[in-house]
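Structure first, then comments.
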Amino acid sequence: MPSFFSNKKLIVLLTSLIVLIALISYSLKEGTRSTWTEQFVQDVVGGFQYVVNVPARYVAGFFQNVDDINNAYKENKRLKENLADYASVEQENRDLSMQNNELKAQLNLLKDPALSDFKKYSATMIGRSSDQWNQLITLDKGKVNGIKNGMPVITSGRRLIGSISKTGNFTSKVSLISDQQNVNQISAVIENKNSQPVFGMIEGYDQNKGVLLFQKIPIKANVKKGQIVTTSGLSGKYTKGLVIGTITHVTTDQYGLTKAAEVKPAANLNDLSYVMIIERKAQTSSSGGKGN
Amino acid sequence: MKQIKVFIFLFLLFLIQGTVMPLFPFSYAWGKAQIVPEFVLVALLMVAFFGSISWGLKYAVLFGFLIDIIYSSVLGVYAFSLAVAIYCAQIISRWVNMNAAMTMLLVVAGVCIMQCEVYVIYLMIGLTDQQPSFFFQWNLIPTILLNVLFAAIIYYPFRRYLERISDGPEK
């Protein structure tokens with residue numbers, strides 16, 4: 001009968017524990033930069049992932065189609081209701097944007113990009129961490145396509161899903177907003193029709209409830225369940241007007257000085273396939289406020 | 001040459017677990033359940049049981065690092081956990097008679113050890129704040145079910161293949 005631990009095995013175990021701790025602390029400290037080995041492995045495996053992804057997508061697409069056919073009737077009904085409003089909303093939109101442009105031209109503001117202007121890069125998801133603790137997805141665009149660290153990533157309908165955390169040459173990794181490691185604080189805002197906008201910060205994600213934590217809201221602000229939270233364009237590389245989610249619950253924070261709210265993400269983070277990486281046109285001062 | 005085939009099979013499973021599985025949202029359809037495909041671990045357990053433990057451990061470290069680099073943000077956790085899980089399960093397997101049912105039980109044990117290790121390490125370094133009760137109820141049990149199902153599918157062909165290649169050099 002083999003003994004569970006001989007001396008030699010104990011030494012191997014201890015050594016590997018030390019190596020483990022060293023590696024963990026290294027990668028926690030290193031943050032978003034990736035070494036060339038990591039980039040190389042990521043790019044090589046990314047190629048294989050891309051190849052496997054194409055047929056898999058066809059098969060998955062078939063099941064998706066069957067599902068779609070099931071829902072088609074219900075969806076059609078709902079869309080028809082919305083369609084009645086469409087013409088008037090479109091007309092209103094056109095009027096407003098024309099008016100906006102005229103006013104901007106009068107003020108000579110046309111050349112400065114607004115906080116909400118951005119450039120889009122479309123990308124396909126080619127991988128996702130299979131455990132639920134790492135909320136990372138891999139995209140098939142990298143440095144050669146002009147992708148940089150920190151760029152926000154959205155899905156259809158301008159719904160925010162995360163930001164680029166690591167870039168290889170041909171692939172890049174997105175840290176989703178549901179990732180605990182995503183330390184990016186996102187400046188967010190609730191825009192009411194009649195009253196002042198309410199500003200706050202998205203600071204983390206509660207994995208047990210599946211909600212984002214929206215904090216540092218002024219205590220007197222009028223925050224209600226069902227309001228929509230968007231990015232304010234005041235922090236980092238996030239452009240203005242990306243939809244983050246809807247408020248589900250409002251409390252005061254633990255010291256009672258500010259309000260805190262729980263926000264349900266607008267995008268379905270479990271079912272992503274085609275996403276857009278955006279680069280905002282307005283210049284940012286994310287490099288420690290040195291520039292500009 | 002024979003090991004290359006095993007390697008290719010494992011690499012394919014590695015791709016399936018990260019690239020193909022997320023495309024089928026069935027794993028999220030079931031309420032809060034978090035079903036984690038650990039196909040590489042299941043195949044590696046079989047390599048360790050029916051092939052050789054040394055190759056099993058080598059592959060474990062290799063694929064552990066691959067998972068760390070590609071699918072996670074912290075290096076080393078999966079490499080360590082995979083190797084330990086496979087070593088422990090293999091030690092138990094020496095004391096029992098390996099038949100299909102026993103293999104399934106050991107796969108359950110291996111998946112349990114692996115998930116718990118990764119969970120505890122992630123909890124310690126603050127990468128997750130999942131509560132233990134949530135983990136046991138919604139993560140561990142569905143994960144075990146999926147992986148045992150997968151183990152049952154590959155058990156007969158993969159075992160036969162592994163026994164053939166490990167008998168090969170001796171004859």
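The table below lists the values:
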| quantity | calculated |
| --- | --- |
| Residue selected from segment A:112-144 under the condition surrounded by fewer than 17 Cβ atoms within 10 Å (Cβ to Cβ) and without any contact (Cβ under 8 Å) to a residue 60 or more places away in the chain, by the criterion farthest from A:GLU38 (Cα to Cα) | A:VAL144 |
| Residue in segment A:190-197 that is at pLDDT 85 or above, more than 13 Å from the chain's Cα centre (by Cα), more than 22 Å from A:VAL54 (Cα to Cα) and crowded, with 20+ Cβ neighbours inside 10 Å present | yes |
| A:PRO2 at the interface with chain B (Cβ under 9 Å from one of its Cβ atoms) and modelled with pLDDT under 85 | yes |
| From the options A:ASN149, A:ASN108, residue that is in a loop (DSSP other than H, G, I, E, B) and either charged (D, E, K, R) or over 29 Å from the mean Cα position of the chain (by Cα) (or both) | A:ASN108 |
| Residue in segment B:161-171 that is surrounded by 14 or more Cβ atoms within 10 Å (Cβ to Cβ) and either assigned to a loop (DSSP other than H, G, I, E, B) or modelled with pLDDT of 90 or more (or both) present | no |
| Single unsatisfied condition, A:ASP131 versus (1) within 27 Å of the chain's Cα centre (by Cα); (2) among the charged types (D, E, K, R); (3) outside any loop (DSSP other than H, G, I, E, B) | (3) |
| Strands (runs of 3 or more DSSP E) completely within segment A:157-212 that count 2 or more residues being closer than 26 Å to A:SER27 by Cα | A:159-167, A:172-176, A:198-206 |
| Residues within segment A:99-118 that are among the acidic types (Asp, Glu) and either modelled with pLDDT under 75 or farther than 20 Å from A:ARG280 by Cα (or both), tallied | 2 |
| Those residues of segment A:63-86 which are over 29 Å from the mean Cα position of the chain (by Cα) and under 30 Å from A:GLY233 (Cα atoms), in sequence order | A:ASP85 |
| Count of residues meeting criterion [among the polar types (S, T, N, Q), within 14 Å of chain B (Cβ to nearest Cβ) and within 13 Å of the chain's Cα centre (by Cα)] in segment A:234-279 | 2 |
| Any hit, segment B:48-70, residues being more than 20 Å from B:PHE158 (Cα to Cα), at pLDDT below 90 and not in a helix (DSSP H, G or I) | no |
| Residues within segment B:113-122 that are at the interface with chain A (Cβ under 9 Å from one of its Cβ atoms) and of a type outside the set (Phe, Trp, Tyr), tallied | 3 |
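So that you can scan it fast, the table gives a plain yes or no per residue for (1) more than 8 Å from every other protein chain (Cβ to nearest Cβ); (2) over 17 Å from B:ASN147 (Cβ atoms); (3) in contact (Cβ under 8 Å) with a residue 12 or more places away in the chain; (4) in contact with a helix residue (DSSP H, G or I) (Cβ under 7 Å, 6 or more places away or on another chain):
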site: B:VAL47; (1), (2), (3), (4): yes, no, yes, yes
site: B:GLY56; (1), (2), (3), (4): yes, no, yes, yes
site: B:ALA60; (1), (2), (3), (4): yes, no, yes, yes
site: B:ILE69; (1), (2), (3), (4): no, yes, no, yes
site: B:VAL74; (1), (2), (3), (4): no, yes, yes, yes
site: B:VAL77; (1), (2), (3), (4): no, yes, yes, yes
site: B:TRP95; (1), (2), (3), (4): no, yes, no, no
site: B:ALA101; (1), (2), (3), (4): yes, no, no, no
site: B:VAL111; (1), (2), (3), (4): yes, no, yes, yes
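The values are calculated or read from the model by the stated rules, or taken from the named source; none is laboratory data. Just so it is clear, the model here is predicted, and its values are computed rather than measured. Please note: Cβ atoms are built from the backbone with ideal geometry, for glycine as well, and neighbour counts cover all protein chains shown.
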